[in-house]
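Remarks on the structure that follows.
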Amino acid sequence: FTFCLRCSTSYESRGNEYARLASLTSEGRSSAMTILSTSLVRSLKQVDDPGFDQRARKLLTFVDNRQDASLQSGHVNDFLQVTQLRSALAKAVAEAGHEGLATTDIGATVLDAMEISFEEYSKAENPLGSIRRKTEEAMRAVIQYRLLNDLERGWRINMPNLEQTGLLIID
């Protein structure tokens, strides 16, 4: 491992070579499986063949026990929620332009950028004005909390926040 085949440079050996090599697989099986499965599902949805039934565009995986299935489903769910929130935040920031977003408005702005209908996050059918308003306020508060929590530095090892990746500047 002390010689780079690509650039033909040799390096002085320091420490355990196995530890360096083992760190290359630190993404974990759950993260790798999440990336592969979401990529496959996205590809299935993009198939442009009228003979390919919409109901057949699914991914079925097998695991050897309930604990692994529970872990993986939680990992996928978390990944999708974080990705949806971050993409809506990026969209909201892009639409705001140089003015940026204020912390107090971030929940409402990102909820608008998500383009989800009231019916998608509420079970209330034809709610009265005050119930609808309180439900929307609660959703904005949840989104604001989740975003501010996500923007906290360093708590996600495999998915650093948008500021840490250089995609967002917080001032």
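Just so it is clear, none of the values below were taken in a lab; they were calculated from the coordinates. As the structure is a computational prediction, the values presented were derived from the model and not from experiment. All Cβ positions, glycine included, derive from the backbone under ideal geometry; neighbour counts span all protein chains shown.
Values as computed for the structure displayed
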{"read-out": "Spin-label zone in the range 85-117 - amide nitrogen under 16 Å from a point set 7 Å from the Cα of Asp171 along the C-beta vector", "value": "93-103"}
{"read-out": "Excluding exposed DSSP-loop chymotrypsin sites (Phe, Trp or Tyr not before Pro) (at most 13 other C-beta within 10 Å), longest clean stretch of the chain", "value": "63-154"}
{"read-out": "Gain upon complete extension [Lys58, Ile116; 0.36 nm per residue less C-alpha separation]", "value": "18.6 nm"}
{"read-out": "Cα-based shape type of the range 21-108, given that a ≥ b ≥ c are square roots of the gyration tensor eigenvalues and the cut on a/c is 1.5", "value": "oblate"}
{"read-out": "Computed over the chain, Cα set: Rg, Dmax in Å", "value": "21.6, 72"}
{"read-out": "Charge context of Phe118, other residues only, Cβ under 13 angstrom, K/R +1, D/E -1", "value": "-2"}
{"read-out": "Global form of the range 72-171, assessed from the alpha-carbon gyration tensor, a/c cut-off 1.5", "value": "oblate"}
{"read-out": "Cβ-based charge dipole, the chain, positive-most Cα from Met114, Thr83, Leu167", "value": "Thr83"}
{"read-out": "Label-point gap, in nm, between Gln164 and Leu36 - each point 7 angstrom along Cα→Cβ", "value": "2.5 nm"}
{"read-out": "Under DSSP loop assignment and at most 15 Cβ neighbours within 10 Å, longest GluC sites (Glu not before Pro)-free interval of the chain", "value": "28-114"}
